[in-house]
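Peer 1: One structure follows; several queries about it will come next.
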Amino acid sequence: MYEEIFESIRVAAAKRNLKESTAGAYCRTVKYFMDTIGKVSLAELTMEDAESFLMEKQLSGVRPETYNHYHSAIKFLYRRLLKALWDDDAIPRMKNDRSLPTVLTKAEVEAILAATKNLKHRAMLATMYSGGLRVSELVHLHYDDISRTHHSIHIRNSKSRVDRYTILADRTLGLLTEYWFACGKPRDILFPSSYSGSYLDKNTVNQFLKKSAEKAGIKKHLSTHALRHSFASHLLESGCDIKYIQALLGHVDPKSTEVYLHVSDKTLLGIKSPFDSPEAERG
């Protein structure tokens with residue numbers, strides 16, 4: 001029903017160098033939007049449709065991240081396809097909750113890896129933690145992205161569209177070598193799906209991480225991003241300059257990296273309370 005609209009969205013997204021996954025997400029949201037308001041063509045849409053839909057979503061109590069996804073997709077539709085004037089003051093985005101990320105201790109990371117008996121899965125989790133990879137970056141790794149010589153991982157076409165290199169631990173290289181020989185020596189996609197041979201679904205990685213965490217007796221609310229958060233936090237605690245951590249993570253905005261100042265162990269960072277100073281003790 002909406003194929004012409006979807007094609008127009010894909011073309012407009014490609015002109016602006018947006019990822020195919022972003023265009024696909026916009027298409028799904030636009031379908032949901034138009035189904036909800038009961039309209040089938042762009043000519044029928046009004047600004048009031050967008051305002052009422054987004055207001056209803058906001059009042060329903062959806063998370064800011066979900067609301068802002070709706071907002072971005074519908075704003076793209078109106079501005080790029082309808083050429084409508086969009087007033088961000090009249091239809092604002094929601095402010096994101098500034099919750100702190102979940103960080104594992106080094107012992108908890110070790111426990112999760114020990115509980116992951118599947119060699120391929122263990123190699124994947126170790127690779128994410130070793131280099132601070134996003135799960136989308138992990139599943140899109142290719143054999144040639146791993147450098148045994150430089151002990152590095154080449155991350156291509158990342159979320160920020162900036163290629164980067166990150167570090168590869170000796171232990172992870174050993175695991176990857178063991179996995180590679182045991183699992184058919186994959187030369188293209190490093191961790192292909194066992195069923196399709198194509199890229200593995202990101203949700204699959206999240207599922208086996210949670211199962212391993214449960215086996216290890218870890219009660220924290222986890223997603224695959226916890227390994228990336230833990231990588232950054234542990235580097236900071238070991239004395240690594242936050243600017244290097246920003247580069248390894250591929251953060252464009254330094255504020256994204258600064259959150260780890262809030263979750264790192266202040267004792268390991270060498271920070272003491274002024275109440276423990278010699279002057280305070282002398283009164």
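Peer 1: Being in contact with a strand residue (DSSP E or B) (Cβ under 8 Å, 6 or more places away or on another chain) and farther than 19 Å from PRO192 by Cα is the filter; apply it to the stretch 87-133 and report the residue that is surrounded by the most Cβ atoms within 10 Å (Cβ to Cβ).
Peer 2: Of everything passing the filter in the stretch 87-133, GLY131 is surrounded by the most Cβ atoms within 10 Å (Cβ to Cβ).
Peer 1: Only one of (1) at pLDDT below 90; (2) of a type in the set (Asp, Glu); (3) within 23 Å of GLN207 (Cα to Cα) is not met by ASP97, so which one is it?
Peer 2: Evaluating ASP97 over (1) at pLDDT below 90; (2) of a type in the set (Asp, Glu); (3) within 23 Å of GLN207 (Cα to Cα) leaves (3) as the failure.
Peer 1: Now for a different question. Pairs only if they're at least six apart or on different chains, beta carbon under 9 angstrom, first in the stretch 40-62 and surrounded by 14 or more Cβ atoms within 10 Å (Cβ to Cβ), second assigned to a loop (DSSP other than H, G, I, E, B) and of a type in the set (Asp, Glu); list them, first residue then second.
Peer 2: Pairs that qualify, where the first residue is surrounded by 14 or more Cβ atoms within 10 Å (Cβ to Cβ) and the partner is assigned to a loop (DSSP other than H, G, I, E, B) and of a type in the set (Asp, Glu), are MET47/ASP87.
Peer 1: Follow-up. Is at least one residue of the stretch 247-254 under 22 Å from ALA107 (Cβ atoms) and either surrounded by 13 or more Cβ atoms within 10 Å (Cβ to Cβ) or at pLDDT below 90 (or both)?
Peer 2: No, the stretch 247-254 contains no residue that is under 22 Å from ALA107 (Cβ atoms) and either surrounded by 13 or more Cβ atoms within 10 Å (Cβ to Cβ) or at pLDDT below 90 (or both).
Peer 1: Please report, ordered by residue number, the helices (runs of 4 or more DSSP H) entirely within the stretch 5-122 with at least 1 residues that are touching a helix residue (DSSP H, G or I) at 6+ places or on another chain (Cβ under 9 Å) and more than 30 Å from LEU236 (Cα to Cα).
Peer 2: 20-37, 47-59, 64-76
Peer 1: While we're looking at this one, here's another question. Among the residues of the stretch 8-19, are any touching a Ser or Thr at 6+ places or on another chain (Cβ under 9 Å), free of Cβ contacts under 8 Å to residues at least 24 places away in the same chain and crowded, with 17+ Cβ neighbours inside 10 Å?
Peer 2: no
Peer 1: Evaluate the following for GLU48: is it under 20 Å from MET1 (Cα atoms) and not assigned by TED's automatic domain parsing to the domain that holds ASN157?
Peer 2: No, not satisfied.
Peer 1: Shifting gears a bit: Residues that are closer than 14 Å to MET128 by Cα and in contact (Cβ under 8 Å) with a residue 60 or more places away in the chain: list the helices (runs of 4 or more DSSP H) wholly contained in the stretch 166-283 that include at least 3 such residues.
Peer 2: Of the helices (runs of 4 or more DSSP H) lying wholly inside the stretch 166-283, those with at least 3 residues that are closer than 14 Å to MET128 by Cα and in contact (Cβ under 8 Å) with a residue 60 or more places away in the chain span 202-215, 225-237.
Peer 1: Would you be able to tell me the number of residues in the stretch 134-151 that are under 20 Å from the mean Cα position of the chain (by Cα) and surrounded by fewer than 20 Cβ atoms within 10 Å (Cβ to Cβ)?
Peer 2: The total comes to 4.
Peer 1: Can you work out which of the residues in the stretch 256-274 that are over 21 Å from GLU137 (Cβ atoms) and within 20 Å of the chain's Cα centre (by Cα) is surrounded by the most Cβ atoms within 10 Å (Cβ to Cβ)?
Peer 2: That would be SER264.
The values are calculated or read from the model by the stated rules, or taken from the named source; none is laboratory data. It should be emphasised that the depicted structure is a prediction, and the values quoted were computed from it without experimental measurement. When we count neighbours, we look across all protein chains shown, and the Cβ atoms used for this are built from the backbone with ideal geometry, even at glycine.
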